[in-house]
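Here is the structure we will look at, set down as structure tokens.
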Amino acid sequence: MHTPFDINEAIGHRKDYVEAGLRSGSPVVGICCEEGLLLVTVRRTQRKVYEIYDRQMFSAIGRQSDIENVRLSAIQTAHQEGFERSPDDVSLHRLVGFALSPALKKAFGDQMYVPVVIRGLFAELGRTVAGDCFFTLNYDGEYRQHTGIAAIGGTQSAEDRMLQVLGEPDSTLSRDEAIRRALRAWVAGARDQISAPNEDERDQDTPLKVVDEADADRVFLQEELKSGVLEVGFLQRRDKQDARFHLLAGDVLGSVISDLY
Amino acid sequence: MLSTTDTAGSLWKLLEQSGHPFTREAGSLRPADSHAGAGSIETHGTTVIAVKFKDGVIAVGDRRATANFAVMYDRADKVLAIDDTTLLAISGSFARAMDVVKYLRTSFKLFERTYLQPMSLEGKLTELARVVKAGIPDALQGIGGFIPILATFDKESNEGRIFFYDGMGARFESTEFGAAGSGSMQIRGVFDYIVKTVKPFHEMSRDEALKQALLLLDIAADLDAATGGWAKVMPLARTITCNGIEEVPDETLKAIIEQLDKSISR
């Protein structure tokens, strides 16, 4: 039957458009460690990990203008709520669930506007380890809570691969060990994204690749770090009341990853 | 919706947009004659002092908050950290001062997180002037008047700096010291006397400056009915230096006060 407007088709087109925009984004890995939470990624020229509020940070893949828009909305909502009530009342659950998700869902469904191209990863440091959490937020407003580990990438397969490499969450890891584990996951995810279209070809090569897998990872990362910069957002748990956001980059990380492979 | 660039980085604009009373139109909430008896519903912070020393600034306050002749609270903290490099010593309306402190803390953080760089010193001073100025209509009606002293460490010139305000929001920079609150007028000349007869505050060590500041506080308590001394509750002192803000430990205060008690002739 012919219908002048098919909602499935329309949404499908928008979905395809957004997914195509996300496919080449540099993945972001979230991981817990003994001292707090980390968001780990490799960026190009633009900064990629941001502080949102006292205990919240954010990173995303997508179009820069859309990322900036979501970042600003999150920061403003958090600060307004923190001022009008208390910083203790600012939480990712409210921020993502009640402020950002409905707005993104509306924007995605609105045929009058170009869809928002974004996939975001938020981290929140709880008062105790049990309260730590990650939220992933998608361009269509869908969101999901994660504990201990989380990852966003350009494709579902890359995300699955990263979670696989990350393994079980371990809040006793040292900060540097957690960064190394996250970076290994990032490499796996980024490589998966690139090789995804040639799935068949890769299968044929498998015997040879297995032998060189670690070496290939090392070479891949080396290449990536020539044009990109390793960036780590670190929400440090200082005591029950106080948390601190640090942006780690450059020399600090050099020694951390020197013996990665 | 997501589009928010109109208010980016400005807490004031955000609050204005949402109609928050902090930024309400001047004098719109109360009729002009409502000040009768207003003093009795309002708690005031009394004397606060800030003096330079060779590594930065030291700010000292007694712990008293009063409403008319009643001592409302004797554990008030009137020397507050706004961020890692800014100390605010507050006097006058306690309610307004607490709102202002919360506003400034949030405003500075909002700016830094939005623009990925800290607000400049000039910007911070302007924010403070704006909120002092916004309190004028209230102050004219007899409540809400509030006078701050801002102390900071300027990393560019590598020195502590002290700024004080009048009720209109005019800002002045002091070379050596600042004081505000009910006991501040009574001790104004003493600061000058110390600078001229002992030595300038900025050449003193922390403990020397602390000793003079505590002595000044003691004189204020003697001459002003609303200022608490140190007999019952220890005053509160915080320093700001290139290493940030630190609270002076009670033991240090106690030791200096004991020394003073012995040497002061009553």
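A few comments on the model shown:
- The range B:199-225 - residue that is of a type in the set (Gly, Ala, Ser) and under 18 Å from B:Arg63 (Cβ atoms) and, of those, farthest from the chain's Cα centre (by Cα): B:Ala225
- Flag if A:Ser157 is polar (S, T, N, Q), out of contact with any helix residue (DSSP H, G or I) (no Cβ under 6 Å at 6 or more places or on another chain) and in contact (Cβ under 8 Å) with a residue 12 or more places away in the chain: no
For (1) among the acidic types (Asp, Glu); (2) crowded, with 19+ Cβ neighbours inside 10 Å, each residue gets a yes or a no:
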site: B:Gly169; (1), (2): no, no
site: B:Phe172; (1), (2): no, no
site: B:Glu176; (1), (2): yes, no
site: B:Ile194; (1), (2): no, yes
site: B:Val198; (1), (2): no, no
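- Restricted to the range A:40-59, and to residues there that are charged (D, E, K, R), under 21 Å from A:Leu235 (Cβ atoms) and away from chain B (no Cβ under 11 Å), the residue that is surrounded by the most Cβ atoms within 10 Å (Cβ to Cβ) is A:Arg55.
Residue-by-condition table, conditions (1) touching a His at 6+ places or on another chain (Cβ under 6 Å); (2) under 20 Å from A:Glu231 (Cα atoms); (3) of a type in the set (A, V, I, L, M, F, W, C):
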{"site": "A:Tyr17", "(1), (2), (3)": "no, no, no"}
{"site": "A:Gly21", "(1), (2), (3)": "no, no, no"}
{"site": "A:Arg47", "(1), (2), (3)": "no, yes, no"}
{"site": "A:Arg63", "(1), (2), (3)": "no, yes, no"}
{"site": "A:Ile75", "(1), (2), (3)": "no, no, yes"}
{"site": "A:Ser86", "(1), (2), (3)": "no, no, no"}
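- The range A:60-87, subset within 11 Å of chain B (Cβ to nearest Cβ) and assigned to a loop (DSSP other than H, G, I, E, B), residue farthest from A:Val28 (Cα to Cα): A:Arg85
- Pair list, Cβ under 6 Å, 6 or more apart: the range B:1-30 residue at the interface with another protein chain (Cβ under 9 Å from one of its Cβ atoms), other residue loosely packed, with under 15 Cβ neighbours inside 10 Å and at pLDDT 70 or above: B:Thr7/B:Lys13; B:Gly9/B:Tyr115
- Filtered residues of the range B:226-262 (kept if over 20 Å from the mean Cα position of the chain (by Cα) and modelled with pLDDT under 90): B:Ala231, B:Lys232
- For the range B:62-100, filtering for residues that are farther than 30 Å from A:Gln46 by Cβ, within 14 Å of chain A (Cβ to nearest Cβ) and in a strand (DSSP E or B) leaves 2.
- Residues that are within 17 Å of A:Gln156 (Cα to Cα) number at least 3 in the following strands (runs of 3 or more DSSP E) confined to the range A:14-59: A:28-33.
- Evaluation of A:Leu37 against the conditions (1) out of contact with any helix residue (DSSP H, G or I) (no Cβ under 8 Å at 6 or more places or on another chain); (2) surrounded by fewer than 20 Cβ atoms within 10 Å (Cβ to Cβ); (3) more than 8 Å from chain B (Cβ to nearest Cβ) shows that the sole unmet condition is (2).
Residue-by-condition table, conditions (1) within 12 Å of B:Lys52 (Cβ to Cβ); (2) without any contact (Cβ under 8 Å) to a residue 24 or more places away in the chain:
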position	(1), (2)
B:Thr152	yes, no
B:Met168	no, no
B:Arg171	no, no
B:Gly181	no, no
B:Asp192	no, yes
B:Gln212	yes, no
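- The number of residues in the range B:194-210 being of a type in the set (D, E, K, R) and without any contact (Cβ under 8 Å) to a residue 24 or more places away in the chain comes to 2.
- Conditions (1) at pLDDT 95 or above; (2) aromatic (Phe, Trp, Tyr); (3) over 16 Å from A:Ser59 (Cα atoms); number of the one not met by A:Tyr113: (1)
- Selected residue (criterion: surrounded by the fewest Cβ atoms within 10 Å (Cβ to Cβ)) from residues of the range A:3-34 that are under 30 Å from A:Phe83 (Cβ atoms) and hydrophobic (A, V, I, L, M, F, W, C): A:Cys32
- Odd one out for A:Arg144 among (1) in contact with a Ser or Thr (Cβ under 9 Å, 6 or more places away or on another chain); (2) surrounded by fewer than 18 Cβ atoms within 10 Å (Cβ to Cβ); (3) more than 21 Å from A:Thr41 (Cα to Cα): (3)
- Selection from the range B:151-167 of residues that are among the charged types (D, E, K, R) and surrounded by 15 or more Cβ atoms within 10 Å (Cβ to Cβ): B:Glu159, B:Arg161
- Considering the range B:101-118, the residues that are surrounded by 21 or more Cβ atoms within 10 Å (Cβ to Cβ) and among the hydrophobic types (A, V, I, L, M, F, W, C) include one that is nearest to the other protein chains (Cβ to nearest Cβ), namely B:Leu110.
The values are calculated or read from the model by the stated rules, or taken from the named source; none is laboratory data. Predicted model, so just to flag it, every value in this text is computed and none were measured. Because the Cβ atoms are built from the backbone with ideal geometry, glycine has one as well, and the counts that use them run over all protein chains shown.
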